[in-house]
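What follows draws every value from the coordinates through simple rules; no lab data is involved. Note that the coordinates shown come from a computational prediction; the quantities given were computed from them, not determined experimentally. A quick note on method: Cβ atoms are made from the backbone with ideal geometry, for glycine too, and the neighbour counts reach across all protein chains shown.
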Amino acid sequence: MTIRAVVRGVGHYLPARVVPNVELESLVDTTDEWIRSRSGIERRHFAAEGETTSMLATHAARAALADAGIQADDIDAIVLATSTADLTFPSAATMVQAALGMTRGFAFDVQAVCAGFVYAMANANALILSGQATRVLVIGAETFSRLMDWTDRTTCVLFGDGAGALILEAATGTGAPSDRGILATDLHSDGRFKDILYVDGGTSTGTTGHLRMAGKEVFRHAVEKLAETAHTALDKAGLTSDDVDWIVPHQANIRIIEATAKRMQVAMDRVVVTVQDHGNTSAASIPLALSVGKTRGQIKAGDLIVTEAIGGGLAWGSVLLRW
Ligand code: UT7
């Protein structure tokens, strides 16, 4: 008998304001054609003034709780992946806890930038496998629009805001790869690459700062590392690419998504793609894609899913799960 962290519910939230590429043409020297062809992005959502990351996260959490048919007080822990918490502290996770009216359990943020949701899932899995929690609300939520330098065309056209949430619950498995739930995780970071993707603000400057990225270099690392980590997770579970029903990748750039699928020898009709509608929502992109993929009827019970992501740090990794 093995304990498995099984998906009990999923949900997402996108702010109301949709910003098509053409709207950005009036801000910086760019075109809809350039953004589409270089990134695959067609539009993104931006949070309204005063609409914070914890608010987006709370909406997504409520949707996931409703999908699972449980109440906030049925949750033992909240793990929230974000790099755009409302305040330096307390954590956005404790703000969600309060907003949900949850008076028990514990809540904390995970900061691994675009790889944040993969890290949060691995942490939630560890909490469940070690018996410290039975049900964990895992959220990815971001307001990256607030980190943009609106004079830098190389970054400001790429990012968007949103939130997605999953509820993981302890269940009994057989230990075989046919079990539902998380089957393997694989995490990496390499701080030597801290200068190719970062925000130039924080306690050292007393400002929030703006996102800076050496796009081409990050692109190269992404193409090299994402397929590798996905294969490692599959290896750990004794499975191969042929067994995969869906890749649910971090949604940064359609060219990275396609290159990774090609390296994994998985056809694009087995990849959940949302980048055209959301842009890069950092830690929110995978749970958003999982929720949208389920809503579209792509993801079904029993499907084998590999999620993979890379971002600032560099930090990267993958989670293999059976839905
Ligand atoms: O989620 C975290 C991980 N992040 C990523 O995975 C992002 C990884 N990087 C990328 O997705 C791509 O590198 C970008 C989409 C950021 C850029 O695509 P690229 O094919 O690497 O383009 P580039 O940076 O080489 O730029 C090509 C040209 C440059 O002009 P020159 O130097 O060739 O004259 C840029 O100045 O495109 C120019 N350019 C733009 N033109 C119009 C850069 N941004 C824009 C823009 N509109 N918004």
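Based on this model, can you work out whether residue 41 counts as β-branched (Val, Ile, Thr) and touching a Leu at 6+ places or on another chain (Cβ under 7 Å)? Against the criterion (β-branched (Val, Ile, Thr) and touching a Leu at 6+ places or on another chain (Cβ under 7 Å)), residue 41 qualifies.
Taking residues in the stretch 237-248 that are under 20 Å from residue 286 (Cα atoms), and partners anywhere that are among the charged types (D, E, K, R) and not in a helix (DSSP H, G or I), the pairs with Cβ atoms closer than 6 Å and at least 6 places apart or on different chains are 245/303; 246/303. Exactly one of (1) crowded, with 22+ Cβ neighbours inside 10 Å; (2) of a type outside the set (Phe, Trp, Tyr); (3) over 21 Å from the mean Cα position of the chain (by Cα) is unmet by residue 216. Its number? Going through (1) crowded, with 22+ Cβ neighbours inside 10 Å; (2) of a type outside the set (Phe, Trp, Tyr); (3) over 21 Å from the mean Cα position of the chain (by Cα) one by one, residue 216 breaks only (1).
Among residues that are on the phi < 0 side of the Ramachandran plot, within 16 Å of the ligand (Cβ to nearest atom) and more than 17 Å from the chain's Cα centre (by Cα), residue 33 is included.
Please specify each residue of the stretch 1-30 satisfying the condition of being away from the ligand (no atom under 16 Å from the Cβ) and over 20 Å from the mean Cα position of the chain (by Cα). Break it down into steps so the answer makes sense when it comes.
Going residue by residue through the stretch 1-30, those that are away from the ligand (no atom under 16 Å from the Cβ) are 1-18.
If the condition is that a residue be away from the ligand (no atom under 16 Å from the Cβ) and over 20 Å from the mean Cα position of the chain (by Cα), then 1, 2, 3, 4, 17 are the ones that fit.
In the set 274, 281, 295, 307, only one residue is within 16 Å of the ligand (Cβ to nearest atom) and farther than 18 Å from residue 159 by Cα; that residue is 307. Against the numbered list (1) more than 16 Å from the ligand (Cβ to nearest atom); (2) out of contact with any strand residue (DSSP E or B) (no Cβ under 6 Å at 6 or more places or on another chain); (3) closer than 30 Å to residue 3 by Cβ, residue 207 comes up short only at (3). Among the residues of the stretch 22-79, the ones that are in a strand (DSSP E or B) and within 21 Å of residue 170 (Cα to Cα) come to 3 in all.
Quick grid of which residues meet (1) in contact with a Phe, Trp or Tyr (Cβ under 8 Å, 6 or more places away or on another chain); (2) of a type outside the set (Gly, Ala, Ser):
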site	(1), (2)
184	no, no
211	yes, yes
224	no, yes
228	no, yes
237	no, no
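Number of residues in the stretch 95-145 that are hydroxyl-bearing (Ser, Thr, Tyr) and surrounded by fewer than 24 Cβ atoms within 10 Å (Cβ to Cβ) equals 4.
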